[in-house]
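The values are calculated or read from the model by the stated rules, or taken from the named source; none is laboratory data. Keep in mind that what you see is a predicted model, and the values were worked out from it rather than measured. No Cβ is skipped: glycine too gets one built from the backbone with ideal geometry, and neighbour counts run over all protein chains shown.
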Amino acid sequence: MPLPLAAASLAPGLTLAMTGIVKTFPGVRALDAADLDIRAGEIHGLVGENGAGKSTIIKILGGVYARDAGDILANGEVLAGGAAADMHAIGIRIIHQELNLVDHFTVAESVFLGQERTDRFGGLAKRRMRREAEAFLRDVLECPLDGQTLIRDLGIAERKLVQIAAALIDGKARLVVFDEPTAPLAAAETGRLFNAIRNLKARGVSILYVSHYLGEIVDICDRVTVFRNGRHVAVLDAPNPTRTDEIITWMIGRQLDDLYPAAAVRTADGIEAEPSFAVERLGDGRSFADVSFSLAKGEIFGIAGLIGSGRDELVDGLYGLRPPATGRVTRAGRPIRLDPALAVQSGLVLVPRDRRRDGLVLDLAVTDNINLASLDEVSTAGFRRERRANARATRLADLLDIRPRSVGTRAGLLSGGNQQKVVLGRWLAAEAEIFLLDEPTIGVDIGARAEIYRLVRELADGGATVIVSSGDAAELIGLCDRIAVLVRGKLVEIVRCGEISVDGLIARTTDAAGQRVAS
Amino acid sequence: MSLAISAPSSRAWLAGLVSHAALIVLTLLLAYLALRAPNFLDAQNLTAILRQSAPLAILACGLSVVVIGGGDDVVSGGIDLSLPAAAVLGAGIISYQLSVAGSGLGTALLFGLPAVLAVGAANSLLVVGIGLTPLLATLATSVAVSGLTKLITSNRRINVSNRAIDWVRDGDIGGIPASMLLALLVFAGLAFLVHRTRWGAHLQAIGASRAVASLTGLPTRKSVALSYGLAAAAAAVAAIAILARGSGSSPGSEEPLLLEMVLATFLGGAFSRRRIVTVWGALLGAVLVTALSTGFALLQVNIFWVSGIKGGLILLVLVAAALDERLRR
């Protein structure tokens with residue numbers, strides 16, 4: 001079969017200079033005169049903490065957002081517009097973090113979705129599309145696949161490569177933006193993706209590589225731009241593994257404040273002697289495997305990990321939202337079954353990350369939300385005792401400092417921080433002993449944050465065991481006694497908070513040493 | 001160590017059984033009929049089955065287009081329950097025009113067919129324009145349209161005798177019954193549009209995942225609206241087939257068609273490699289469901305039992321589809 005040249009050819013790389021880019025949203029300046037400079041044919045890394053402005057600049061590159069101010073020069077020419085069509089026309093292609101593929105489509109159908117080739121009669125040129133898709137995957141991405149294979153029969157890395165092929169098959173891509181491309185991949189699979197990306201570079205395409213994994217960044221990138229608070233703060237030439245500390249310093253650039261209450265230092269013996277909650281070799285067969293730890297009463301235990309590290313899945317697994325494939329969980333030495341319905345009964349409770357969706361009945365009053373998990377205690381023979389319910393809710397609202405204090409207010413009208421306190425209040429009312437807090441301060445303002453931290457510490461001092469899963473390294477360091485570090489589904493280390501800096505924790509979660517990246 | 005997805009094999013085996021369950025039961029039933037029902041496999045009976053199945057086949061092909069574009073989720077996905085009622089409305093108007101008003105066939109079609117298309121337009125408006133759930137919206141139009149049919153026909157049977165209509169009932173070309181040819185024409189047109197054109201590829205993507213489709217920049221609303229229009233066009237052709245099969249129109253003939261149409265369409269998904277509803281699967285499903293009805297009639301099984309069995313089959317198909325979805329997650 002002759003190789004169709006058109007399919008495997010790519011356009012020369014784009015030089016893109018973005019200067020003084022500003023983008024504001026109500027109440028937030030997401031980009032504050034940021035610069036980003038990408039040379040033709042290089043792999044350019046972009047790093048920064050959550051909220052640094054990476055996503056915003058990707059959306060501007062994709063034409064999803066229009067910039068408020070700033071210039072974009074494409075190959076030296078001023079780009080007037082900024083709509084999706086303009087960006088597409090100059091050859092910018094975004095490889096989104098989400099896979100965006102239809103499970104029961106074939107590889108060829110997925111690659112050509114929205115840009116199908118047709119024959120003379122307006123029908124689909126199926127054979128030709130299959131041939132071109134296969135040639136592109138094989139020659140450009142080094143991924144020989146049968147064009148007839150269904151997406152659902154592919155591994156995650158192969159799906160990612162199909163997604164890339166779909167963005168590049170028209171041969172007009174000149175700058176490809178990869179947004180966290182390795183997030184859903186296991187360590188062994190990243191190598192294939194890197195081969196494909198290096199291949200694109202060898203063919204002269206410019207690449208912007210956005211990732212939290214610093215080990216990958218220094219491994220694959222020619223230059224790296226660091227964003228912080230909506231601005232570029234540094235551009236590093238020739239990054240290498242010895243420079244990750246430098247990158248982390250640029251990323252954080254702030255001191256820990258006294259947002260966090262002082263932790264009573266516990267001894268290792270105390271923890272081992274009386275484990276209140278232990279996890280042994282837990283795995284879900286997919287996102288995390290072989291996770292073991294043992295927690296004491298009164299301990300605050302952190303779980304750190306990037307998107308794709310299996311952190312969210314582990315929390316769901318601990319609460320029983322996702323069935324375990326291997327391992328077991330014990331409470332006070334006795335194995336327990338993981339099931340949300342039993343979890344409440346056995347005193348293990350979850351404060352979910354999306355509390356607006358999963359944690360609160362927004363249309364119900366604060367009282368009702370607080371008493372939801374302990375209706376038995378405010379009822380007599382199945383009838384609710386209004387006075388008792390209100391008294392109880394009011395007492396907890398006082399304790400938690402929920403504002404406004406009126407417990408008749410609809411939960412949906414409260415601020416994020418106060419909603420979080422209502423969810424906490426419900427579990428306090430249910431007298432839980434093990435608290436699973438998933439991203440407890442997302443969308444919570446700084447004042448309410450300090451109160452939540454104080455509350456969590458009080459819970460622990462009162463004998464509860466608290467597990468905090470968070471993407472915020474500073475929060476974990478400030479709040480926890482020990483922290484488990486997850487990288488690509490594996491618990492690689494449990495660190496003691498007094499012995500590690502924020503930089504050190506970030507270096508571990510971002511796999512800055514690059515040990516686990518297959519090359 | 002790789003953490004890549006690989007479901008335990010016992011689960012895959014179970015999923016395979018679940019997705020084939022309806023097909024297995026249907027095969028067993030047909031095998032039983034072939035053995036026990038007198039003359040079931042005679043050429044004459046097989047031709048009769050093809051002839052009988054035309055209205056159902058046309059409606060099922062039409063429904064498959066809506067399901068493909070709206071997704072095969074049984075509750076929130078695409079469905080058009082008003083298709084049989086719309087087809088019977090068309091048949092009612094045409095027979096009224098022919099037999100009561102005394103107009104010619106051309107005039108009768110000119111009144112009848114646009115009425116069916118108007119039902120499709122109403123569904124498009126309700127589902128795409130206003131955003132109602134297809135299941136409830138088309139159930140409501142179905143009831144309304146049935147009422148309209150009864151008004152027009154005064155809730156009476158209207159006999160029709162017309163040369164062309166009679167030919168559709170009895171005629172054939174090269175041994176293939178004329179009514180089946182009508183069904184094959186509708187099938188060919190819809191199958192080409194859905195499975196062989198860009199529009200069809202987009203419709204399939206839209207039905208599979210609205211999110212993927214809109215991120216790819218496909219015109220979701222327009223395509224879904226058009227799918228209801230195409231289904232209505234199929235119902236308009238079905239009106240002629242229904243008229244021919246019954247030599248006129250009878251009020252209430254949409255009721256058995258409704259159940260069989262849904263059964264045939266979703267059963268069709270079991271024939272496809274990807275376990276999705278397809279136009280050709282719907283056609284095949286319609287023929288098999290009609291074969292089932294004919295076989296039971298030959299065995300003189302009580303009609304209420306037949307309804308019960310068909311109801312059970314449709315539940316099996318829907319439960320299997322829902323389980324399939326869950327097992328694959």
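Some notes on this structure:
- With respect to the stated conditions, A:L10 is more than 30 Å from A:G305 (Cβ to Cβ), in a loop (DSSP other than H, G, I, E, B) and touching a residue at least 24 places away in the same chain (Cβ under 8 Å).
- Residue satisfying condition, being within 17 Å of B:G62 (Cα to Cα) and either touching a Pro at 6+ places or on another chain (Cβ under 7 Å) or within 9 Å of chain A (Cβ to nearest Cβ) (or both), within set B:L267, B:L257: B:L257
- Qualifying residue in the range A:2-15 (condition: surrounded by fewer than 15 Cβ atoms within 10 Å (Cβ to Cβ), out of contact with any Cys (no Cβ under 6 Å at 6 or more places or on another chain) and more than 30 Å from A:R128 (Cα to Cα)): no
- Those residues of the range A:407-420 which are in contact (Cβ under 8 Å) with a residue 12 or more places away in the chain and more than 11 Å from A:N369 (Cα to Cα), in sequence order: A:L414, A:S415, A:G416, A:G417, A:N418, A:Q420
- Filter result for B:L283 (in contact with a Phe, Trp or Tyr (Cβ under 6 Å, 6 or more places away or on another chain), touching a residue at least 60 places away in the same chain (Cβ under 8 Å) and closer than 27 Å to B:T27 by Cα): yes
- Residue tally, condition in contact with a Phe, Trp or Tyr (Cβ under 8 Å, 6 or more places away or on another chain), in contact (Cβ under 8 Å) with a residue 60 or more places away in the chain and either among the aliphatic types (A, V, I, L, M) or outside any helix (DSSP H, G or I) (or both), over the range B:294-321: 5
- Taking (1) within 14 Å of another protein chain (Cβ to nearest Cβ); (2) surrounded by fewer than 22 Cβ atoms within 10 Å (Cβ to Cβ); (3) in contact (Cβ under 8 Å) with a residue 60 or more places away in the chain in turn, A:D222 satisfies each apart from (1).
- Residue that is surrounded by the most Cβ atoms within 10 Å (Cβ to Cβ) [pool: residues in the range A:81-111 that are part of a loop (DSSP other than H, G, I, E, B), more than 8 Å from every other protein chain (Cβ to nearest Cβ) and at pLDDT 90 or above]: A:G91
- Per this entry, A:E180 is not counted among residues that are under 24 Å from the mean Cα position of the chain (by Cα), in contact (Cβ under 8 Å) with a residue 12 or more places away in the chain and at the interface with chain B (Cβ under 10 Å from one of its Cβ atoms).
- Considering (1) within 28 Å of B:V67 (Cα to Cα); (2) touching a residue at least 60 places away in the same chain (Cβ under 8 Å); (3) surrounded by 24 or more Cβ atoms within 10 Å (Cβ to Cβ), the lone condition that B:T138 does not fulfil carries the number (2).
- Residue tally, condition within 8 Å of another protein chain (Cβ to nearest Cβ) and part of a loop (DSSP other than H, G, I, E, B), over the range A:113-131: 4
- Within the range B:35-44, tally of residues that are at pLDDT below 90 and in a helix (DSSP H, G or I): 3
- Any hit, the range B:274-281, residues being outside any helix (DSSP H, G or I) and not β-branched (V, I, T): yes
- Check on A:L141, in a loop (DSSP other than H, G, I, E, B) and of a type outside the set (K, R): yes
- Filter result (at the interface with chain A (Cβ under 10 Å from one of its Cβ atoms), of a type in the set (S, T, N, Q) and touching a residue at least 12 places away in the same chain (Cβ under 8 Å)) within the range B:179-205: B:Q204
- Single residue of B:A208, B:A297 found to be within 14 Å of chain A (Cβ to nearest Cβ), out of contact with any Leu (no Cβ under 8 Å at 6 or more places or on another chain) and not acidic (D, E): B:A208
- Just one of the numbered conditions (1) over 21 Å from A:D472 (Cβ atoms); (2) within 14 Å of another protein chain (Cβ to nearest Cβ); (3) modelled with pLDDT of 80 or more is not true of A:I207: (2).
- The range A:341-364 - residue that is charged (D, E, K, R) and exposed (fewer than 15 other Cβ atoms within 10 Å of the Cβ) and, of those, modelled with the highest pLDDT: A:D363
- B:I176 vs. criteria surrounded by fewer than 17 Cβ atoms within 10 Å (Cβ to Cβ) and closer than 27 Å to B:Q52 by Cβ: yes
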